[in-house]
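Following: one structure in structure tokens, then a few remarks.
The values are calculated or read from the model by the stated rules, or taken from the named source; none is laboratory data. Here the structure is a predicted model, which is why all the values come from computation and not from measurement. When we count neighbours, we look across all protein chains shown, and the Cβ atoms used for this are built from the backbone with ideal geometry, even at glycine. Quick note on the areas: whole protein, heavy atoms, side chains included, nothing else; ligands and nucleic acids left out. Shrake-Rupley method; radii C 1.70, N 1.55, O 1.52, S 1.80 Å.
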Amino acid sequence: MAQEARNARNKSNTPVDLYARAKCQGTAVHLAPGQAAPAGTAFTSIRFTPAR
């Protein structure tokens, strides 16, 4: 499945990482709970339990 999404908003209670490419590869954008990604940020995969 090769879909791309935009304008992510983290409404979960845990931090998430958004990745530009599939299988959690590429540039990561870190979102805290309640935070929104910058406008126009495209992502293909998401990790709900980021390793920090």
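Measuring nothing but protein heavy atoms, the accessible surface of the chain at 1.4 Å probe radius is 52 percent carbon and sulfur.
Taken over the C-alpha atoms, the chain has Rg and Dmax values of 10.1, 28 angstrom. Taking every alpha-carbon pair under 8 Å whose residues sit at least 6 apart, the chain reaches a relative contact order of 46 percent.
Extending 7 Å from the Cα toward the beta-carbon at both N7 and A36 defines two label points whose distance is 0.8 nm.
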